[in-house]
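Laboratory data are not the source of any read-out in this text; all were calculated from the coordinates shown. Just so we're clear, the structure is a prediction, and the values are computed from it rather than from any experiment. Here the Cβ positions follow ideal geometry from the backbone for every residue, glycine too, while neighbour counts run over all protein chains shown.
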Amino acid sequence: MQPIENKSDPSSGPGVSAANPGGQPPYHAAMSTPSYRHAAPSNACPRCGRNLTEMPVHEAVVLDCAACGGCFLPTAVVHALGRADGHELRRAFPVRPRPAEPAAVRYLKCPLCERIMNRIDFAKPSRVIIDICSEHGSWFDVGEISGVIDFVEQGGLERARQRLAQERETEKAKLKTELSEAMDPSTAESLLMKRVFLP
């Protein structure tokens, strides 16, 4: 699988999807058994190559690099960072400012499966690009978790959701108009619902 550079989609990124959807259990239930406990970690930091160690954070356990300050979070913990009930978790992370010079842009390997991770925005306006393994979790370089936490606490995630909803409504209205001009309005509405906006 080829890595994808800097994809931004608040509807599917870890940030926006981290909201507490209906029926989802509290985040601590999802984090009770970290996914990487079932894998065979290489114990190597994907950024600097030094050993990673387990670090408890509130009710979660993450993999931390004491050398470069980066951190690997299981997927459930990444989602919990953006959830309404994740405030105590966000407060529990140590504050690590981002360096003046960002880390060199390169594709990193997941410390668990050693597959190349994808680079994506946590949420479109957050300006925090993280490295994601679809199976195990996400890597945050030093300061990136603090950046995400500040973004969420200041309401950035909710604004991203609202803007995305507005963009989708605008796109839907535009496409409906274009289809209506080309065919019978009832046929256009049926085609719109079946092919574009229904799951």
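Around ALA44, which amide H atoms from residues at least 5 apart in sequence, or from another chain, sit under 5 Å from its own amide H, with H modelled in the peptide plane?
Excluding prolines and chain starts, which carry no amide H, the hits are LEU52.
Going highest first, how would you order 127-133, 54-60 by mean Cβ packing within 10 Å?
Numbers: 127-133: 21.1, 54-60: 16.3.
Ranking, from highest mean packing down: 127-133, 54-60.
Under the Karplus relation 6.51 cos²θ - 1.76 cosθ + 1.60, θ = phi - 60°, what is the ordered set of whole-Hz ³J(HN,Hα) values for the range 96-109, x standing for Gly and Pro?
Computed from phi, the couplings for the range 96-109 are 10, x, 6, x, 4, 9, x, 5, 4, 6, 7, 7, 9, 8 Hz.
Grab the beta carbon distance between VAL105 and GLU59, set R0 = 25 Å, and tell me the FRET efficiency rounded to 0.05.
Values: r = 33 Å, r/R0 = 1.33.
Result of the calculation: an efficiency of 0.15.
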